[in-house]
1. Note down all Cβ pairs under 7 Å where the first residue falls in region 50-74 and is within 15 Å of E137 (Cα to Cα), the second is open to solvent by 80 Å² or more (accessible area, probe 1.4 Å), and they're at least six residues apart or on different chains.
2. In the set F91, F138, which member is hydrophobic (A, V, I, L, M, F, W, C), more than 21 Å from E172 (Cα to Cα) and open to solvent by less than 40 Å² (accessible area, probe 1.4 Å)?
3. Can you give me the number of residues within region 155-179 that are outside any loop (DSSP other than H, G, I, E, B) and out of contact with any strand residue (DSSP E or B) (no Cβ under 6 Å at 6 or more places or on another chain)?
4. When you go through E31, E6, E71, E27 one by one, which is the residue that is out of contact with any Cys (no Cβ under 8 Å at 6 or more places or on another chain), within 30 Å of A117 (Cβ to Cβ) and either open to solvent by less than 60 Å² (accessible area, probe 1.4 Å) or not hydrophobic (A, V, I, L, M, F, W, C) (or both)?
5. Looking only at region 141-154, count how many residues are open to solvent by 30 Å² or more (accessible area, probe 1.4 Å) and either among the small types (G, A, S) or not in a helix (DSSP H, G or I) (or both).
6. Only one of (1) open to solvent by 80 Å² or more (accessible area, probe 1.4 Å); (2) touching an Asp or Glu at 6+ places or on another chain (Cβ under 9 Å); (3) without any contact (Cβ under 8 Å) to a residue 40 or more places away in the chain is not met by R79, so which one is it?
7. Would you confirm whether any residue within region 157-167 is closer than 18 Å to D58 by Cβ and polar (S, T, N, Q)?
8. Between R119, R85, which is open to solvent by less than 40 Å² (accessible area, probe 1.4 Å), touching a residue at least 12 places away in the same chain (Cβ under 8 Å) and of a type in the set (K, R)?
Amino acid sequence: ESLFCEWQHIRLDGMPLDAEVSLNAIELGGERYLQAIVRDVTERMQAQQRLQYLAHHDALTNLPNRAMFLERLDHALTRARWTKRPLAVLFLDLDRFKNINDTLGHDIGDGALRVTAERLKSCVREGDTVARLGGDEFTVLLEDIANSGDVPAVAQKITGALSRPFELEGREFASTTSIGSPTYAPVSRAKWT
């Protein structure tokens, strides 16, 4: 008889320890004993958690990626149908971003994308989703919209935040963005702005 499980223990120093535990009933000299073999698998568990994170997040900006965005959108649409509260998705594309990468290099381009991600997150509520679809394309999922003026107000806030100059490697940059938004209203038909 044997039993196998994974378990998280706390070491004497207070740090967590992920372990595989194998329990076997053995017999020695007519006596029955329980043999436990414990193996530290902390590194493997951390690697699995990192892979899981990377499967749903953009490595450059740490924002949700396309896969996670689509999952959240699916849940949000279901919730919107249930609560009868509208939602909106803002699609953003940085204007002339290819020029930055082509003329100044990918390091500057990557820095600009990180700045964009931080500024986008600062423009929305905690429960809203900012995601990077790839390249210079971002999306913002706004749920539980209280009134029709909220979406243009958020779009305006985003345009203002992204147009503020920022500094990378001693140089000042400013960017602009194009925003499109289909708004889903579960009570009425979808509106495109």
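The values are calculated or read from the model by the stated rules, or taken from the named source; none is laboratory data. As the structure is a prediction and not an experimental result, all values here were calculated from the model. All Cβ positions, glycine included, derive from the backbone under ideal geometry; neighbour counts span all protein chains shown. Ligands, DNA and RNA are stripped out before the accessible areas are found, and what is left, the full protein with its side chains, is counted by its heavy atoms. Shrake-Rupley method; radii C 1.70, N 1.55, O 1.52, S 1.80 Å.
1. L60/R114; T61/R114; P64/R72
2. Details: F91 fails: open to solvent by less than 40 Å² (accessible area, probe 1.4 Å).
Only one candidate passes the filter, namely F138.
3. Within region 155-179, the subset outside any loop (DSSP other than H, G, I, E, B) is 155-163, 166-168, 171-173, 177-179.
Now drop any that are not out of contact with any strand residue (DSSP E or B) (no Cβ under 6 Å at 6 or more places or on another chain), which leaves 156-161, 163, 167-168, 171-172.
Counting residues in region 155-179 that are outside any loop (DSSP other than H, G, I, E, B) and out of contact with any strand residue (DSSP E or B) (no Cβ under 6 Å at 6 or more places or on another chain) gives 11.
4. From the options E31, E6, E71, E27, the qualifying one is E71.
5. Residues in region 141-154 being open to solvent by 30 Å² or more (accessible area, probe 1.4 Å) and either among the small types (G, A, S) or not in a helix (DSSP H, G or I) (or both): 6 in total.
6. Tallying (1) open to solvent by 80 Å² or more (accessible area, probe 1.4 Å); (2) touching an Asp or Glu at 6+ places or on another chain (Cβ under 9 Å); (3) without any contact (Cβ under 8 Å) to a residue 40 or more places away in the chain, R79 fails exactly one: (3).
7. There is no residue in region 157-167 that is closer than 18 Å to D58 by Cβ and polar (S, T, N, Q).
8. Checking each option against the conditions leaves just R119.
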